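Undergrad: First, the structure itself, so that you have it in front of you.
The values are calculated or read from the model by the stated rules, or taken from the named source; none is laboratory data. Quantities reported herein were computed from a predicted structural model and do not represent experimental measurements. With ideal geometry, Cβ positions are generated from the backbone for all residues, glycine too; neighbour counts draw on all protein chains shown. We work out accessible area using only protein heavy atoms, side chains counted, and drop any ligands, DNA or RNA first. Shrake-Rupley method; radii C 1.70, N 1.55, O 1.52, S 1.80 Å.
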Amino acid sequence: MTSTDTKPADNDTALTSVNPATGEVIGTHPIADEAAVRAAVAKARAAAATWGALNYDERKTHLLRWSSQLVADSDEFCALIHAENGKPLDDAFLELMLALEHIAWAAKNAKKVLSPKKVSPGAFMANFAARVEQRPLGVVGVIGPWNYPVYTPNGSIGYALAAGNTVVFKPSEFSTGIGNFLADAFAKANPDLPEGVFITVNGYGATGAALVKAGVDKLAFTGSTATGKRIMAAAAENLTPVLLECGGKDAVIVAGDADVKAAADAVAWGATANSGQTCAGVERVYVDRSVRDEFVAEVKKILEKVGPGSGADAAYGPMTMPSQVDIVRRHIESALKNGGTAVLGGPDSVKAPFIEPVVLVDVDEKSEAVQEETFGPTVTIRTVDGVDEAVELANSSKYGLSSAVYSKKNGLAIARRLHVGATSVNSVLAFAAIPGLPFGGVGDSGIGRIHGEPGLREFARPHSIAVQRFAIPGMALLSYSRTQSTMKLLRKLVPFLHGRNK
Ligand code: NAD
C-alpha cells in the first residue's frame, strides 16, 4: 500500500480532506513544501530548548493537561474522526481512550525509566563513579498513517514528548484534520509553552520525504513497509535514526483444546473491525483439524450478521483509502483462483467504498491473499494437523508484527514459538491496549519499539559519564605514567577474576 490516491480539488499547494463514505469535503489544508518543513523543524528546535529543560514532573503536567483537553473536546474530536476516517463513533472513542492511556503512561513513567542510573565501575575502575543519564534527542519527526490516526502516531508523539523532545508531525493525507486537532489541542491546553513543542506539517508523501531530510534527530514512521523502506534509505544519507512501524500479516492459531466459540468471536472481530484496516488485525487463521468445522461455522455465523455502513453506529465503516479496495478485491480473487473457497462473501462483497466480510478457507499458502497484507475485512482460515504445523505456517511470513493463540492449556508455550513482536493468548490485540507492553515487529513489519519502557528509550540518548573520585597510586591505567609494577599486578588479577572457570 502506498499513498498514491489523490482526492478532488487537490493541487500543488492544498489538499482537501474528504469523508470516505460520502465524498463530502471536510476541510482544506495548505501543503508544506520543503522550505515550510524546514521552518517547522527550526521552530521545534527553538522550542526544544524550553521543553527539554523542563523536568519530568513539569512535562507530565503539560502532557496530562493535553489529555484533559482532548477529553473535554472528545465529542467534537470523535465526530471528526468518524467523518474523516469513516470509523463508527464508538470506535473513534475507543481509539481516543487508548491514545490517552498511552499519553498518561508515557507522562507518568518517563521519570522512572529515564532518570540517571548508577552503574558499577568494575574492579579495575573502582576509583570511578559511573552513571548513565538519558538526554532528549532534540526534534523528532513523526510520520503517521490514517487507519488509527490518533492512537498510532501517539505511540511516538506521546513518548517522544515525555522523553523531552519536541515533535514535528506529518499526519497522513487521509487524516490531516485529525492530526491537526491533536496538535491544536496540545497548544490550547498549554498556552504558556512556546509554539513548536508539538506542531504539524501537512501534505502528501513529498512533505513526509522533506521531513526525513530536514535535519530531525530521529524519524518515527508508521505506515506501509514500502514507504518505510524508502524512508530508511533516505534517512541513511545523514545517518538519521529511524523507528519503523510497518505492515503485518498477523496469524491466529486455534489449537485443538481451544475455546472454539471465544476464538471465533475474537477472529470475527479482529479480522473485520475498522474494515480490516488494522496493522495488527487478524489476516490468517490456522485451526486444528479436530475443531475446524465448528470454528468455521461459528465465524460464519457471527459475520453473517455484521456489515459495514456510514452510520455512526455501524459495525465498521468504509474503506478509508480508495486504492485499497482494488487490492482487497484482487486478494479475494487470487485466493479463489488458488484453490480456496469462500464460505462467506466473495468478490461481490466489494461494494466500494464498503466491503462486506469475506471468509476464505484452505487457500494455497503461496497465494497473495496469504502472503501479502490485505488490509480489508477478509480472513483466510487454513486447516492444520497440530500445533507444529500451525507454528511453522504462522512463522512463514516476511512480516512478523503480532499474533494470537487460542489454547486452554498451552497458550503461553505456543506463543513463545512465534517469530513476532507481540502475542495475545486467548484474546486478540490485547497487547496494544496495555501501555507498558512494547509494540513493534520483526522482518518487514519494522524496526524498533513504541510503547512501554523501550518506547521511551527510543526517544532518548544515553549519555555515559565516568567521574574519577580519587587516584589509586600505581594504578594509572589511562596514562603513560603506568608502571611495570601495575602491569605485574594486573597479570595476577586477570587470571584470578576471569580465568577460574575452566
Ligand atoms: P503509507 O506508507 O502509504 O503512508 C504512511 C505515511 O507516510 C503517510 O503520512 C504518507 O504521506 C507518508 N509517506 C508516503 N511516502 C513517503 C515518503 N516517500 N517519505 C516520507 N513519508 C511518506 O501507509 P498508510 O496507507 O497511510 O498506512 C497503512 C499501513 O500502515 C499499513 O501497511 C499498516 O499495516 C501500517 N500500519 C502499521 C502500524 C504499526 O504500528 N506497525 C500501525 C498502523 C498502520
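Undergrad: Per DSSP helix of 4 or more residues, -39500 (n - 2.57); summed, then divided by the residues of the chain. What does that give at 222 nm, rounded to the nearest 500?
TA: -12500 deg cm²/dmol
Undergrad: Put a dot 7 Å past each Cα toward the Cβ at Asp326 and Asn501; how far apart are the dots in nm?
TA: Distance between label points: 5.9 nm.
Undergrad: Can you pull a Stokes-Einstein diffusion coefficient for segment 31-101 at 37 °C (0.692 mPa s), Rh from Kirkwood over Cα pairs, as a whole number of µm²/s?
TA: Rounded, D is 224 µm²/s.
Undergrad: Still on this structure, I have one more. Give me, ordered by chain and number, the residues 5 or more places off Phe128 or on other chains with an amide H under 5 Å from its own placed amide H.
TA: Under 5 Å from the amide H of Phe128: Arg469.
Undergrad: Rounded to the nearest 10 degrees, what's the angle between the helix 176-189 long axis and the longest principal axis of the chain, both from Cα atoms, 0 to 90?
TA: The two axes meet at around 50 degrees.
Undergrad: Quick one: what are the phi-derived ³J(HN,Hα) couplings along segment 127-135, Karplus 6.51/-1.76/1.60 with θ = phi - 60°, whole Hz, x for glycine and proline?
TA: Result, ordered by residue: 7, 10, 9, 10, 8, 10, 10, 9, 10 Hz.
Undergrad: Rg over Rh of the chain, using C-alpha atoms and the Kirkwood radius, what does it come to?
TA: Taking Rh as the inverse mean 1/r over Cα pairs, Rg/Rh reads 1.05.
Undergrad: May I pose another question? How many percent of the accessible area of the chain is carbon or sulfur, using a 1.4 Å probe?
TA: 56 percent
Undergrad: Where does helix 151-162 land angle-wise versus the long Cα axis of the chain, in degrees 0 to 90, nearest 10?
TA: It is inclined by approximately 20 degrees.
Undergrad: While we're here: By how many nm would the segment from Met125 to Asp184 lengthen if fully extended, with 0.36 nm per residue of separation less the alpha-carbon distance?
TA: Extra length available between Met125 and Asp184 comes to 16.2 nm.
Undergrad: Just need the Rg to Rh number for segment 251-434, please, alpha carbons only, Kirkwood Rh.
TA: 0.94
Undergrad: Moving to a separate point now. Number of Lys pairs in segment 1-121 with C-alpha atoms less than 20 angstrom apart, excluding same-chain neighbours closer than eight positions?
TA: So the count of such lysine pairs works out to 5.
Undergrad: Among Leu15, Gly164, Gly411, which residue has its Cα positioned farthest towards the positive end of the charge dipole of the chain, with +1 placed on the Cβ of Lys and Arg, -1 on the Cβ of Asp and Glu, and the dipole taken about the Cα centre?
TA: Gly164
Undergrad: Same structure, new question: Taking Cα atoms, how many degrees apart are the long axis of helix 56-72 and the longest axis of the chain, rounded to 10 and kept between 0 and 90?
TA: 20 degrees
Undergrad: Please sort 370-381, 42-53, 77-88 by packing, taking for each peptide the average over its residues of neighbouring beta carbons within 10 angstrom, highest first.
TA: 370-381, 77-88, 42-53
Undergrad: In vacuum, with every alpha carbon of segment 369-502 counted as one equal point scatterer, what does the Debye formula give for log10 I(q)/I(0) at q = 0.11 Å⁻¹? Two decimals, please.
TA: Those come out to -0.65, one per q.
Undergrad: Now for a separate question. What ranking do 248-257, 455-464, 118-127 get when scored by the average of other Cβ atoms within 10 Å per residue, highest first?
TA: 248-257, 455-464, 118-127
Undergrad: Check the straight Cα-Cα distances from Lys398 and name the lysines below 27 Å, setting aside those fewer than 8 residues away within the same chain.
TA: Answer for Lys398, where 27 Å is the Cα cut-off: Lys218, Lys229, Lys249, Lys337, Lys366, listed by chain and number.
Undergrad: Which order, highest average first, do 487-500, 342-355 follow once you tally other Cβ atoms within 10 Å for each residue and take the mean per peptide?
TA: Answer by packing, highest mean first, reads 342-355, 487-500.
Undergrad: Please figure out what share of the DSSP beta bridges in segment 251-434 is antiparallel and state it in percent, rounded to the nearest 5.
TA: Among the beta bridges of segment 251-434, antiparallel pairing accounts for roughly 20 percent.
Undergrad: Which percent, to the nearest 5, of DSSP beta bridges fully inside the chain are antiparallel?
TA: 40 percent
Undergrad: Taking amide H positions as placed 1.01 Å from N in the peptide plane, with prolines and chain starts having none, which residues 5 or more places from Ala14, or on another chain, fall under 5 Å of its amide H?
TA: Ile31
Undergrad: Tell me which residues come under 5 Å, amide H to amide H, from Thr200 once H is placed; ignore anything under 5 positions away on its chain.
TA: Phe169
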